[in-house]
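Trainee: What follows is a structure written as structure tokens; I'll ask about it next.
Each value in this text was obtained by applying a stated rule to the coordinates, not by laboratory testing. Note that the coordinates shown come from a computational prediction; the quantities given were computed from them, not determined experimentally. Glycine also receives a Cβ, built like all others from the backbone with ideal geometry; neighbour counts cover every protein chain displayed.
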Amino acid sequence: MALRFPDGFLWGCATAAYQIEGAPEADGKGPSIWDRFVHTPGLMQDGATGDVACDHYHRFREDVALMKQLGMQAYRFSLSWSRILPEGAGRVNPGGLAFYSDLIDELLAHGIEPIITLYHWDLPAVLEDQGGWLNRASSQWFADYARIVFEAFDGRVKTWATINEPWVISHEGYLRGTLAPGHRNLFEVPLVSHNLMRAHGAAVQAYREVGHHAIGLVVNIEPKYPATPSEADAAAAHRASAYMNAQYLDAALLGHYPPELREIFGEAWPEHDPADFDLIRQPLDFIGVNYYTRAVTRRDDHDWLLQAGVVRQTQATYSETHWEVFAQGLTDTLEWVRERYGDIPLYITENGAAFFDPPKAEGGRIRDPLRTDYLQKHLLAVHAAITQGVDIRGYMVWSLLDNLEWSQGYSKRFGIVHVNFETLERTPKDSARYYAQAIARHGAILAEPL
Ligand code: GBH
């Protein structure tokens, strides 16, 4: 089998600021909602915090060297808003800008393309005190912040994403309460979603005024398959997909929410000002797709919003986060996006899995065959979608490093590079070596058995 990935296909890796940086007070940084969340007793597994995390803030040169060694062509990372604007708005902190400027220079000096996410969940705490994403002014706060970083970095950064996974922000942050700010209120969910999308639109507008390259939105997609051919199960899968998968892309690209949402939210569904969609619906240069797993869904008489209708697959492999390993779902996802939204360039902005890693063996090897297998299967699934004609520009593995898996702390390791959280030593796992070979051979190794 001849495996061809398109010329210029970008092979890279991804991280997010709060999950790796540490240094929460360095060089004038202000607090974010995550600094608060982790220091609220009872919210974090094992009392974990991101106070040190991977200490990437002080070790970024080592981490860039590691990326270079693995042959990475692109690195997707996020900016900490409260490093740059400690009060969320107004005064710019030169120390915060300097850190990211140095990181960008270091990447470029090593021939690695920076891809920046503006918001990966760490809202400045001061803005939360003003209502956070529930405040309609949040779109203006976000656009002002975005403009500052566009002006600072657009000369060196060619690919920008506004918001990472609006679904996760609203569902986990405002319905389940497992992520900051930890609210549990159905009525807040659609309001937050809407303001996130208004903020996304406002940032894209700002980009068209000051930026010269590409900007897009990053969403998590999890295809929903009915458990049986029954009409009830098909309807359940359909509703679940409208809620998780179509909600944000429909708003951003089609200018309205899926009609199913009104029924899903019932009396919690707000009236939206139609003019808002002129702001939300901005031409985008690409969509970033984060894919981890699928869901098999059955009829859901109650609590389906909280995933009550998901059926466990007894024959399947599950990762440490209890997500089914299902590579075909990535092909299906990429084809679904093209079918529903037309031909728009796509990146896989995250894909990966947490598995338990054995201790370091003789010679410093860390054998993680399940992660390697996951990578191979999912890269082949990307290739299959490319063969079907989907315009896919790159793939970013989640994640470069083991890191703070949000409220699950350091208990779930997604890295292709192992991090010893006592010594902070980095050790590439076998999966990193495999990925490095995949990059070096532009995918050809994927056709060979592991
Ligand atoms: C991403 O979100 C984040 O962007 C990243 O920061 C994080 O570290 C990484 O994934 C790993 O978690 O059937 O209820 O278990 C993940 C988005 C949404 C993917 C929920 C898995 C499973 C839902 N996730 N989904 S459930």
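Trainee: Just want the answer: with Cβ charges of +1 for Lys and Arg and -1 for Asp and Glu, which residue in Gly211, Ala436, Val168 is farthest toward the dipole's positive end in region 10-447?
Mentor: Sorting the options by dipole projection puts first Ala436.
Trainee: A follow-up question, please. Measure out, as a whole number of angstrom, how far apart the alpha-carbon centroids of region 12-85 and region 167-190 sit.
Mentor: If you average the Cα positions of each part, the centres end up 22 Å apart.
Trainee: I'd like the GluC sites (Glu not before Pro) in region 271-380 restricted to DSSP loop residues with at most 14 other Cβ atoms within 10 Å, sorted by number.
Mentor: Here the GluC sites (Glu not before Pro) that fit, given the DSSP loop and packing criteria, are Glu271.
Trainee: Same structure again: Rounded to whole Hz and in sequence order, give me ³J(HN,Hα) for region 98-106 from the Karplus expression 6.51 cos²θ - 1.76 cosθ + 1.60, θ = phi - 60°, writing x for Gly and Pro.
Mentor: 4, 4, 6, 4, 5, 4, 4, 4, 4
Trainee: Using label points projected 7 Å from each Cα along Cα→Cβ, tell me how many nm separate Ala26 and Glu62, to one decimal.
Mentor: About 1.2 nm, to one decimal.
Trainee: I need the phi-derived Karplus couplings for region 209-216: 6.51 cos²θ - 1.76 cosθ + 1.60, θ = phi - 60°, integer Hz, Gly and Pro marked x.
Mentor: 7, 10, x, 10, 10, 10, 9, x
Trainee: Specify the residue with the greatest mean-square fluctuation among Tyr395, Tyr257, Tyr291, computed from a Gaussian network of the chain linking alpha-carbon atoms under 10 Å apart.
Mentor: Tyr257
Trainee: Let me know the charge dipole size of region 12-59 about its Cα centre in debye, to the nearest 20, where only the beta-carbon of Lys, Arg (+1) and Asp, Glu (-1) is charged.
Mentor: 100 debye
Trainee: Near the amide H of His418, under 5 Å away, which other amide H atoms are found, from residues 5 or more places off or on another chain, if H is placed in the peptide plane?
Mentor: Thr427, Lys429
Trainee: Given Cβ point charges of +1 (Lys, Arg) and -1 (Asp, Glu) and nothing else, what value in debye, to the nearest 20, does the dipole of region 224-313 about its Cα centre take?
Mentor: That gives a dipole near 560 debye.
Trainee: Expressed in nm to one decimal, what extension gain is obtained for the pair Arg441 and Glu422 from 0.36 nm per residue of sequence separation less their Cα-Cα distance?
Mentor: 3.3 nm
Trainee: Excluding same-chain pairs closer than 8 in sequence, count the lysine pairs in the chain whose Cα atoms lie under 20 Å apart.
Mentor: 7
Trainee: If amide hydrogens are placed 1.01 Å from N in the peptide plane, which non-local residues have theirs closer than 5 Å to the one on Glu113?
Mentor: Ala74, Tyr75
Trainee: Report the residue, chosen from Arg281, Arg176, Arg198, that carries the largest GNM mean-square fluctuation when the chain is represented by alpha-carbon nodes joined by springs under 10 Å.
Mentor: Arg176
Trainee: A further question on this structure: How high is the relative contact order of the chain, in percent, counting Cα pairs under 8 Å that sit 6 or more residues apart?
Mentor: Value for the chain: 18 percent.
Trainee: Expressed as a whole percent, how much of the Cα-Cα distance distribution for the chain exceeds 39 Å?
Mentor: Considering the chain, 14 percent of its Cα-Cα pairs are separated by more than 39 Å.
Trainee: Return the whole-Å distance between the Cα centroid of region 301-352 and the Cα centroid of region 207-225.
Mentor: Centre-to-centre distance over Cα atoms comes out at 18 Å.
Trainee: Add -39500 (n - 2.57) for each DSSP H run of 4 or more in the chain, then divide by its residues: what number comes out at 222 nm, to the nearest 500 deg cm²/dmol?
Mentor: -10500 deg cm²/dmol
Trainee: 7 Å from Cα along Cα→Cβ at both Arg365 and Ser101: what's the point-to-point distance in nm?
Mentor: With each label placed 7 Å out from Cα toward Cβ, I get 4.6 nm.
Trainee: Let me ask something else. Once you have all Cα-Cα distances for region 1-53, histogram them in 5 Å bins from zero and send the whole-percent values.
Mentor: For region 1-53, the binned pair fractions read 4, 15, 20, 16, 9, 6, 6, 6, 9, 6, 2 percent.
Trainee: Let me ask something else. Can you tell me what share of the DSSP beta bridges in the chain is antiparallel? A percent to the nearest 5 is fine.
Mentor: Antiparallel: roughly 15 percent of the beta bridges in the chain.
Trainee: About the Cα centre of region 10-447, what is the dipole size in debye to 20, counting +1 per Lys and Arg Cβ and -1 per Asp and Glu Cβ, all else neutral?
Mentor: Value, rounded to 20: 920 debye.
Trainee: Per residue of region 361-375, in order, report the coupling 6.51 cos²θ - 1.76 cosθ + 1.60 (Karplus, θ = phi - 60°) as ³J(HN,Hα) in whole Hz, putting x for Gly and Pro.
Mentor: Going residue by residue, I get 8, 3, x, x, 6, 10, 8, 10, x, 5, 5, 4, 4, 4, 4 Hz, with x marking Gly and Pro.
Trainee: Something else now. For the charge dipole of region 10-447, defined by +1 on Lys and Arg C-beta atoms and -1 on Asp and Glu C-beta atoms about the Cα centroid, which residue among Leu196, Val417, Phe153 has the Cα displaced farthest towards the positive pole?
Mentor: Val417
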